[in-house]
Amino acid sequence: MNAKEKNGVVTGIVAYIFFGLSFMAIKIIFNQGMTFSGLLFWRMGLASIMVWLLLKFNPPQNKMTFRQWLRLCPLAICEPILYYTGESIGVSHTGAAISGTIIAMIPIFTIIFSRIFLRERHTAWQIWSIILSVAGVSLIALSNGDGADFSGAPMGFICLLLAVASAAAYQIMLKGLRGRYRPEQITLAISLYGAIFFGGFSLIEAAIQNNFHRLFLLPFEQPMILWLIVGLTVTNSVAGFILLNYCIGAIGPTRCSSFAGITSVTSILCGVFFLKEGLSAWQFVGAVMIIIGAWAANYFTPERLWTDKEVKEALKSQL
């Protein structure tokens, strides 16, 4: 594993740890009355400002043209727009166990999409390792005590599958953009598109409910909400996406997605240490499965297991 791959592994792990830390903060913000669209509007808007300032202090060699901005629009449609929207609607129509299990299928979809669109080839060890990690996430979701409720509306399952497919598509498209943009530029673009979409949605929602006060003034009236939003923006919407974008460019979408289960492990540890929640035996087993699966998916790579001839043939098939 060369230095670039090592950096990709580290950035991927850190990115998904950041994503895992977000669940506790989001839960607190929603309990204080902030809406889903309002939170994303604040996050995307603040992220756009932060990344823009970051690029001002460290400007890229080539400035993006209007056409290049438009080329990144499909990326933003997949994530954050379709992913967060599909996840939100899906979770509201199904139980936590089912939604967690379906969302855990993102690495599986990523393998399928990368094979179809990028012609990537994977070792059998990598495939089984990712399946093991996904099974670990599913075990954790099903052991939460909410039960596996399949009575939810079909719309819920469709939206969850849409979220999974859009997250996988985001990683595949990002791989195709490797070398054309800096991770900060991509993060700025998806943040701007996200702010426009969720800003418009939240304004319509506030107009229907006649409650603009909650959208614009609630964070200032309750400083805890404001600080949590700022923290989420810095760790997730800015640092998390920049690290994720770098990771995909360095080690590819399949290996990067193998770290997705780390978000579940992180959320469990937050519950144990900060919210004083218990740790069940099944949750522990699921966490171990996730960690082993993520390690194995990045250890048993084609470069390590295949001959030089097989690796060269696999690389040719991607051209």
- Message: So in the stretch 59-90, with the set limited to residues that are over 16 Å from the mean Cα position of the chain (by Cα), aliphatic (A, V, I, L, M) and in a helix (DSSP H, G or I), which one is modelled with the highest pLDDT?
- Response: LEU70
- So which pairs qualify, if the first residue must be in the stretch 12-27 and closer than 22 Å to ALA250 by Cα, the second must be among the polar types (S, T, N, Q) and outside any helix (DSSP H, G or I), the Cβ gap must be under 9 Å, and the two must be at least 6 apart or on different chains? GLY12/SER258
- Task: Exactly one condition in (1) in a helix (DSSP H, G or I); (2) surrounded by 19 or more Cβ atoms within 10 Å (Cβ to Cβ) is not met by PHE23; state its number.
- Result: (2)
- Query: Looking at the stretch 128-135, is at least one residue loosely packed, with under 15 Cβ neighbours inside 10 Å and not aromatic (Phe, Trp, Tyr)?
  - Reply: no
- Out of (1) under 22 Å from ILE190 (Cβ atoms); (2) modelled with pLDDT under 85; (3) among the aliphatic types (A, V, I, L, M), what's the single condition that is false for LEU118? (2)
- Scanning the stretch 77-125 for residues that are of a type in the set (D, E, K, R) and more than 19 Å from SER237 (Cα to Cα), which turns out surrounded by the most Cβ atoms within 10 Å (Cβ to Cβ)? GLU120
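Which members of the stretch 19-51 meet the condition of being charged (D, E, K, R) and within 20 Å of ILE268 (Cβ to Cβ)?
Pass one, the stretch 19-51, residues charged (D, E, K, R): 27, 43.
Within the stretch 19-51, just LYS27 meets the criteria.
The values are calculated or read from the model by the stated rules, or taken from the named source; none is laboratory data. Computed from a predicted structure; not experimentally measured. In this analysis, Cβ positions are derived from the backbone assuming ideal geometry, glycine residues included, and neighbour counts consider all displayed protein chains.
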